[in-house]
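Trainee: Provided herewith is a single structure, encoded as structure tokens, for subsequent inquiry.
The values are calculated or read from the model by the stated rules, or taken from the named source; none is laboratory data. Just so it is clear, the model here is predicted, and its values are computed rather than measured. Backbone-built Cβ (ideal geometry, glycine too); neighbour counts: all protein chains shown. Accessible surface areas use protein heavy atoms only, side chains included; no ligands, DNA or RNA. Shrake-Rupley method; radii C 1.70, N 1.55, O 1.52, S 1.80 Å.
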Amino acid sequence: MNQVNENSSHSGSLKVEDLYFSFSEHSSSVVDILKGVTLEAQRGEITSIAGPSGCGKSTLLYLMGLLERPGSGKILMDNMEVQNLSDRKRTIARNQLIGFVFQFHFLIKELTALENVRLPLLKNGTDRTIANQISSELLDDLGLKNKVHRPAYKLSGGEQQRVAIARSLVNSPNYLLADEPTGNLDTQNSQAVFELLLLMAQKLNIAVVLVTHNENLAQQSDQEFRMLDGKIFT
Amino acid sequence: MLCLEIAWRFVIARKRPMILSLLGIVFGVSFFVITQAQTSGFEQFFIRTILGTNGAIRISDQFQDPLGTVQKSGKDGKVKFIFHSREDALYQEGVHQPDLVRVALMDYPEISGVSEIIEGTGILHTGSRKKTVQINGIRWVDHLQASDLNGQIIQGTIDQFASDQMGALLGSRIFSRLNIKVGDRIMLQGGTGTIHLRVCGVFETGVSQIDKNRIYLHMGNARSFLGHSAGGSIFQVALNKPELAPELSQQLQNVLNHRAVSWQEREKVWLDVFKALRVSSGITVSCILLLSGLGIFNVFAISVIEKTRDIAILRSIGFSQTDVSAIFLWQGAIILFAGILLGSFFAGLGTYLISIIPLRIRGIFSTDSFVVNWDLSHYLLASCIALIFVSVATWIPARRASRIEPAKIIRETI
């Protein structure tokens, strides 16, 4: 991450500037997904992005999470340009700076709750005992004290989503990117997950970017954006 | 270690396909080792038999080469072209100047024993029965150095033969055909007349042609009976390393101007048969490993499809493409390692069980049970073949897994 750009921005924020992204549907036709998107997510806050299906919300999130490369534009993490990092550095950044939460929680069903949560820690070389301790405490904080050693597939939907959130937070990331994290939950669980994200954003000083269809949750966030046809509006 | 841990969890979570893959390796490795142990067992036994009976090298007729050797030398003095022609060579029966040849042979450090043998034929009479035999006149002390005669004696002893100047050792099938006992007097006719001998022992080489035709006499008796007071003999040579026989026999032939034949050349037909059997069974059984490799490829290819979502998760939390590959390669390694371990165990057990199956063979060698060869190289070879098949079978799916684009999978799942 040596491409430092000293633009004026809040310290530790996650920012995208004039971001374009497109892909070829077949061999000839090119579909433009993002058309010059600019936004900034501050640490300690929840930034929500709402919009209809197919407008490019998730793609924007994957670009911010370094899962894809933009056609043009900049992605800045703590004022450093990261869009052109090598695959190896992007992998390290995903492990150490970014946490993901997906709609279908995406746990590895062969592993227990604890084993799922500790994966990012073990990946970055944390000692197994310490990783177990940190992961257990986090699961405890999220109300899963008695489910630590339960296989992921034996947890309820809400519990699985909390385990996924614990996994995304375990490495103390700067940025938490949540793609429809409540899309598969009922109203009560959705509100609980949102409050949990808000609490974590404030407690751990994380910039949370929340992609959601839920208008109610979007309105509760600190900053609200809307997307339509690859463009973003405040 | 983290990738190995995840691989292990993936393996134990998919018990049925993994056990089927494992069984393929286990069967492949064990069948490979067992068939190799049998074919090479019989081959080794045959080689031991012929080395113990006829030695590693036999030196027979002297030849004179009227054309000599044609060779072309370069300007630097180095030989560029050499051609040995034996087409018009004149052969003289037997070894010329045997005492000098013996001394020369004993100077070779590779040679562990030299036995001079005078050969001829005669007819054995017991009064009621007779049998044409091939006479081998030997100096027993020398012959024990160049053969396994002492170990081949099944009745009587070599000491009885050594102490009786008119003694004879008979092949086992001559002995049973003539219906005599050790200690009986027999008569040998032919050559220069008749001599009376006493049966001092019976030997069995396992090679039927030898057991039903050969008798051993003392050199002096044989010479006087056959009318060769000197010369006319051949040499049987034993080596410390019998596998060096072809090179050494060629060298001896060039140096001594006597025909020298190695055991590999002498028994080429049988050795080729054994080799063909060994290669054929190896190829056949390797097919089991190939099929199990295809099975593993199938299992892992499906596994990659089933695990695309997990791969996407792992990539999103900081696992690299190499890590994802490693997870699938480790799964293959676990199956391979367990397969080789279990396969080797069952191979050892199977080989032992086969070795105690009664099987009476008389012909090119003599045995009353299956002969097996306990050779670590069979296990290593089977493991190497399994390693190659499993590596290819897992590498392709692992490579495919590493190339999965996480964003695409996550987007398609949603």
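Trainee: Restricted to segment A:113-127, and to residues that are farther than 21 Å from A:N146 by Cβ and more than 9 Å from chain B (Cβ to nearest Cβ), which residue is least open to solvent (accessible area, probe 1.4 Å)?
Mentor: Per the criteria, the residue is A:L121.
Trainee: Now a separate question. Mind checking whether some residue in segment B:145-164 is on the phi > 0 side of the Ramachandran plot and crowded, with 17+ Cβ neighbours inside 10 Å?
Mentor: Yes: segment B:145-164 contains one or more residues that are on the phi > 0 side of the Ramachandran plot and crowded, with 17+ Cβ neighbours inside 10 Å.
Trainee: Name the single residue that is surrounded by the most Cβ atoms within 10 Å (Cβ to Cβ) among those in segment B:393-408 being within 10 Å of chain A (Cβ to nearest Cβ) and assigned to a helix (DSSP H, G or I).
Mentor: The residue in question is B:P406.
Trainee: Follow-up. Which residue, of A:Q96, A:Q133, is under 16 Å from the mean Cα position of the chain (by Cα) and open to solvent by 10 Å² or more (accessible area, probe 1.4 Å)?
Mentor: A:Q96
Trainee: Could you tell me whether segment A:164-172 includes any residue that is open to solvent by 30 Å² or more (accessible area, probe 1.4 Å) and at pLDDT below 85?
Mentor: Checking segment A:164-172: not a single residue is open to solvent by 30 Å² or more (accessible area, probe 1.4 Å) and at pLDDT below 85.
Trainee: Tell me, yes or no, whether segment B:14-34 has at least one residue that is modelled with pLDDT under 90, of a type in the set (D, E, K, R), more than 18 Å from B:N373 (Cα to Cα) and surrounded by 11 or more Cβ atoms within 10 Å (Cβ to Cβ).
Mentor: The answer is yes; a qualifying residue exists.
Trainee: Filter segment B:291-310 for residues that are more than 14 Å from chain A (Cβ to nearest Cβ) and not hydrophobic (A, V, I, L, M, F, W, C); which is most open to solvent (accessible area, probe 1.4 Å)?
Mentor: B:N298
Trainee: Of the residues that sit in segment A:76-92 and are within 14 Å of chain B (Cβ to nearest Cβ) and touching a residue at least 40 places away in the same chain (Cβ under 8 Å), which one is nearest to A:L63 (Cα to Cα)?
Mentor: Per the stated criteria, the residue is A:L85.
Trainee: Same structure, new question: Counting only residues that are in contact with a helix residue (DSSP H, G or I) (Cβ under 8 Å, 6 or more places away or on another chain) and in a helix (DSSP H, G or I), which one in segment B:364-387 is farthest from B:Q331 (Cα to Cα)?
Mentor: Residue satisfying both the conditions and the ranking: B:H378.
Trainee: Quick test of your reading of the structure: A:T182 fulfils all but one of (1) part of a loop (DSSP other than H, G, I, E, B); (2) within 12 Å of another protein chain (Cβ to nearest Cβ); (3) in contact with a helix residue (DSSP H, G or I) (Cβ under 6 Å, 6 or more places away or on another chain). Name the failing condition by number.
Mentor: In the conditions (1) part of a loop (DSSP other than H, G, I, E, B); (2) within 12 Å of another protein chain (Cβ to nearest Cβ); (3) in contact with a helix residue (DSSP H, G or I) (Cβ under 6 Å, 6 or more places away or on another chain), A:T182 misses (2) alone.
Trainee: Report the residue count in segment A:146-163 for those that are surrounded by 15 or more Cβ atoms within 10 Å (Cβ to Cβ) and not charged (D, E, K, R).
Mentor: Here the count works out to 8.
Trainee: Can you tell me which residues in segment B:259-284 are charged (D, E, K, R) and under 15 Å from B:P246 (Cα atoms)?
Mentor: B:R259, B:E265, B:R266, B:E267, B:K268
Trainee: Next question. For segment B:311-337, name all the residues that are open to solvent by 10 Å² or more (accessible area, probe 1.4 Å) and of a type outside the set (V, I, T).
Mentor: B:R315, B:S320, B:Q321, B:D323, B:S325, B:A326, B:L329, B:W330, B:A333, B:L336, B:F337, listed by residue number.
Trainee: Shifting gears a bit: Just for segment A:1-34: of the residues that are in a loop (DSSP other than H, G, I, E, B) and of a type in the set (G, A, S), which one is modelled with the highest pLDDT?
Mentor: Per the criteria, the residue is A:S13.
Trainee: In segment B:165-186, how many residues are open to solvent by less than 80 Å² (accessible area, probe 1.4 Å) and assigned to a helix (DSSP H, G or I)?
Mentor: 5
Trainee: While we're here: Please enumerate the residues belonging to segment B:132-144 that are open to solvent by 60 Å² or more (accessible area, probe 1.4 Å) and either of a type in the set (S, T, N, Q) or at pLDDT below 90 (or both).
Mentor: Correct list: B:T132, B:Q134.
Trainee: Pick from segment A:93-132 the residues that are of a type in the set (A, V, I, L, M) and free of Cβ contacts under 8 Å to residues at least 12 places away in the same chain: which of them is nearest to B:I409 (Cα to Cα)?
Mentor: A:L122
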